[in-house]
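Structure record follows, encoded as structure tokens.
The values are calculated or read from the model by the stated rules, or taken from the named source; none is laboratory data. Since this is a predicted model, take the numbers as computed values, not measurements. We place every Cβ from the backbone using ideal geometry, glycine too, and count neighbours over all the protein chains shown. Note: accessible area is taken over every heavy atom of the protein model, side chains too, but ligands, DNA and RNA are not part of it. Shrake-Rupley method; radii C 1.70, N 1.55, O 1.52, S 1.80 Å.
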Amino acid sequence: MKKLSLTVKSILSVAVIAAAAACSDKAAGTAETATAATADTEAAPAVVTNIRYIDADSVMREYKLAQQLLEEQQREVNRLQQWHESKQRELQNMANNIGQKQQNNIYLSQASMDADMQSFQKKGQEAENYLNTQQQRLAQADLAIRARLSDSINNFVRDYNATRGYDAILLREAGVYFNPALDITAEIIEGLNARLQTEAAK
């Protein structure tokens with residue numbers, strides 16, 4: 001982004017110099033002033049930066065590898081959610097059972113009630129520990145997926161640009177406005193999916 005900012009400043013500087021030279025030429029109306037303006041313009045050549053941009057959200061949404069990995073991750077999340085809901089019901093049933101025994105004076109001793117309470121608390125703690133462990137595992141898996149996708153996309157973009165020679169390929173999210181004519185998202189998605197299909201066929 002800094003490179004783009006510097007380039008824009010350079011282009012604006014050249015435009016200002018050219019405009020000033022033109023005004024000076026018109027006001028003086030002499031060949032010498034025109035020659036000086038031309039010399040100044042030639043001393044500061046225009047810098048043209050050939051850039052393109054990519055919409056990262058579209059790439060993540062339409063890149064088939066991203067779809068596969070994120071769908072697999074979502075299935076893992078759903079399985080954990082289902083386990084958690086099942087365990088919550090089991091613990092709630094245990095708590096209800098203990099409460100009913102207390103209400104109906106079924107416990108013959110404090111020791112028997114304490115044993116049920118300890119069993120309930122142990123199962124609750126085990127469930128909490130398991131849930132925390134699985135959530136950490138899923139978080140680490142998510143980071144690994146995102147790193148894999150980032151590497152895959154970046155490697156492809158480097159190979160893609162080796163045959164195009166653009167000065168910069170930016171993310172759409174990095175700027176406020178880009179000319180839609182500079183959008184190469186569709187080409188990148190098509191290329192990524194074609195490469196994935198080729199690799200799968202090997």
- The FRET efficiency for Arg79 and Leu143, from their Cβ-Cβ distance with R0 = 30 Å and rounded to 0.05, is 0.95
- Spin-label pair Asp151/Ser58, simplified geometry with 7 Å Cα→Cβ offset, distance in nm: 2.8 nm
- Task: Pop a pseudo-label 7 angstrom from the Cα along the beta-carbon direction at both Ala194 and Asn179 and give the gap in nm to one decimal.
- Result: 2.5 nm
- Item | Most positive-pole-ward Cα, Phe178, Ala115, Leu143, against dipole of region 90-202 from beta carbon charges | Ala115
- Note on the structure: In this structure, the FRET efficiency calculated for Arg158 and Ala201 from their beta-carbon separation, with R0 = 30 Å, to the nearest 0.05, is 0.85
- Using Cα positions and a limit of under 16 Å, work out the aspartates and glutamates in reach of Lys64, with same-chain residues fewer than 8 apart set aside. Asp55, Glu72, Asp151, Glu187, Glu190, Glu199
- Message: Give me the net charge for the shell around Arg172: Cβ to Cβ below 9 angstrom, other residues only, Lys and Arg +1, Asp and Glu -1.
- Response: -4
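Cβ neighbours within 10 Å, averaged per peptide: list 137-143, 56-62 in order, most packed at the top.
Order by mean packing, descending: 56-62, 137-143.
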- Local electrostatic count at Ile184 - Lys and Arg +1, Asp and Glu -1, tallied over other residues with Cβ under 12 Å: -1
- In what sequence, highest mean first, do 148-161, 72-85 appear when ranked by Cβ atoms within 10 angstrom? 148-161, 72-85
- Message: Test of understanding: what is the full-extension gain from Gln134 to Ser86, defined as 0.36 nm times their sequence separation minus their Cα-Cα distance?
- Response: 15.7 nm
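Residues of region 49-181: accessible area per residue at 1.4 Å, in Å²? Don't jump to the answer; show the numbers that get you there.
Values: 9080 Å² over 133 residues.
Dividing the accessible area of region 49-181 by its residue count gives 68 Å².
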